[in-house]
Each structure stands twice: as C-alpha cells, then as structure tokens.
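Presented below is the structure to which this report refers.
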Amino acid sequence: GNSVTQMEGPVTLSEEAFLTINCTYTATGYPSLFWYVQYPGEGLQLLLKATKADDKGSNKGFEATYRKETTSFHLEKGSVQVSDSAVYFCALNFNKFYFGSGTKLNVKP
Amino acid sequence: EAGVAQSPRYKIIEKRQSVAFWCNPISGHATLYWYQQILGQGPKLLIQFQNNGVVDDSQLPKDRFSAERLKGVDSTLKIQPAKLEDSAVYLCASSLARESDTQYFGPGTRLTVL
C-alpha cells in the first residue's frame, strides 16, 4: 500500500540552526510528493512539492529533493527563524493523498 | 481570492448526539475533500468528491458518517450518532481538478465529543 513515515518530534532548534526533517514513503507507483505546513491556529498550507524523481521543490528557504532510490523526500532549511515554528507534514499523492503524522518544530530565539 | 470556508470552527457535543459540518470550497474548484485529523496524527481522507459525485469514500465509517455535495459546490459532513473517538479536527480541502496536485485547506472544525 501507500504510506508516509516522517521523523517524530518535537524538534527544537535555536534560531539560524540547520533543519532537516526526514520523510520516507512507500508507494505502489510513482507519486507526487509534498510538504505542508500548519502554523498555530491555522489550516494546512502547501510549502513545496515535487512531481518526479530528482525534482527539487523549494519555497521560503525550504528545500526537498525527490529521491526515488531511497524513497525519501527530506525537508531542509539552512537557517531557521522563530517564525518557522509550526507542524510540518510530508504527504504523497498517488490517486489520493496520504499524510505523515507530522513533525512539530520549535525554534527558540 | 477567497479561501476554503468551514463552519463551525468549534463544536462540543455529547456522545450519541448528531453534528454537521459545512464547507464552501474555492470558487471553480471541482474536487472537494473531507479529512479527519486526530490529535498528534496526520490528516486521513474520509471522502473525495469530483463535482457532486463521490470518487473515494473507502475510509468513511458509513454506519455513522455521511456527506453530500449538492450542486457540486458546498458540502456537508454529518456524524450520527457521535462516539468519543470521533473527537478530532475535520478539515475540508479543495483543488481545481482531480488531477491537480495542489489542495487548499480550510481552517478546520474542532469537534469534541464528551
């Protein structure tokens, strides 16, 4: 079946630290991959996406590369800010959406 | 462009009572989704509509949950009767077309069943 596994949180970092949130997937075909972000009190927002192998999605300083060989789509940011504190969800779309359980990020000043 | 609207934002009911949620998708979006997000978990798809037809309802507990999308625009999700384990945030999302990758989410309705 199709599923997404992402690292458990919470992840606590100091401002300007490097961020990696791991995400791996299982799919019966070739899905599109996504990162969604949920800020406190708000709905989910699309952060970035990649639709085929080796594609890199990027937005707001965040990046993730679709790695077919390792079935991964890890989220990275070189220098996090306090405003990046949120819950991050990895997801795949293969006929329908499957979401990971979310990783909470806390960034301290 | 107005986003996906949902109401109510919060609802508290007792078990065995009924409850209904409303969703108004982004204008022109053919596909509408209802998700259940239990605390600490990712969203789980309950039902997907393409215009006013059901595309996928394989994870909808049909003995107590029902949903409709009359006229292919607004949608309602109903729970009757509610159980304690139905406590969750119910998210509505829409996309331009079924093949479109990007979903736009509403703010959700937080349901507490006592």
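Quick notes on this structure:
- So B:K78, is it open to solvent by 80 Å² or more (accessible area, probe 1.4 Å), modelled with pLDDT of 90 or more, among the charged types (D, E, K, R) and in a loop (DSSP other than H, G, I, E, B): no
- Yes/no for A:S14 being among the hydroxyl-bearing types (S, T, Y) and surrounded by 15 or more Cβ atoms within 10 Å (Cβ to Cβ): no
- The residue pairs whose first member lies in region A:89-109 and is in contact (Cβ under 8 Å) with a residue 40 or more places away in the chain and more than 8 Å from chain B (Cβ to nearest Cβ), whose second member is of a type in the set (D, E, K, R) and crowded, with 19+ Cβ neighbours inside 10 Å, and whose beta carbons are closer than 7 Å, counting only pairs six or more residues apart or on different chains, are A:L105/A:D84; A:V107/A:D84.
- Restricting region B:81-101 to residues that are under 15 Å from B:G28 (Cβ atoms) and open to solvent by less than 20 Å² (accessible area, probe 1.4 Å), the residue that is farthest from the other protein chains (Cβ to nearest Cβ): B:S94
- The set of residues in region B:10-60 being within 11 Å of chain A (Cβ to nearest Cβ), within 14 Å of B:T112 (Cβ to Cβ) and surrounded by fewer than 13 Cβ atoms within 10 Å (Cβ to Cβ) consists of B:L39 alone.
- Which numbered condition A:A64 fails, given (1) within 29 Å of B:R9 (Cα to Cα); (2) open to solvent by less than 30 Å² (accessible area, probe 1.4 Å); (3) small (G, A, S): (1)
- Within region A:31-72, the residues that satisfy the criterion of being aromatic (F, W, Y) and farther than 26 Å from B:Q36 by Cβ are A:F62, A:Y66.
- For A:E42: the one exception among (1) farther than 15 Å from A:I21 by Cα; (2) not in a loop (DSSP other than H, G, I, E, B): (2)
- When A:Y36 is tested against (1) within 14 Å of chain B (Cβ to nearest Cβ); (2) in a loop (DSSP other than H, G, I, E, B); (3) within 26 Å of B:V89 (Cβ to Cβ), just one condition goes unmet, and that condition is (2).
- Residues being assigned to a loop (DSSP other than H, G, I, E, B) and either facing chain B (nearest Cβ under 8 Å) or open to solvent by 10 Å² or more (accessible area, probe 1.4 Å) (or both) - total across region A:78-88: 4
- Filtering region A:29-57 to residues that are more than 20 Å from A:F97 (Cβ to Cβ) and open to solvent by 80 Å² or more (accessible area, probe 1.4 Å) leaves A:P40, A:D54, A:K56.
- Residues located in region B:32-54, provided they are in a loop (DSSP other than H, G, I, E, B) and either over 23 Å from A:T5 (Cβ atoms) or not hydrophobic (A, V, I, L, M, F, W, C) (or both): B:G40, B:Q41, B:G42, B:P43, B:N51, B:N52
The values are calculated or read from the model by the stated rules, or taken from the named source; none is laboratory data. What you see is a predicted model, and the numbers here were worked out from it, not measured in a lab. Cβ: placed from backbone, ideal geometry, glycine included. Neighbour counts: every protein chain shown. Side chains included, ligands, DNA and RNA excluded: accessible areas come from the protein's heavy atoms. Shrake-Rupley method; radii C 1.70, N 1.55, O 1.52, S 1.80 Å.
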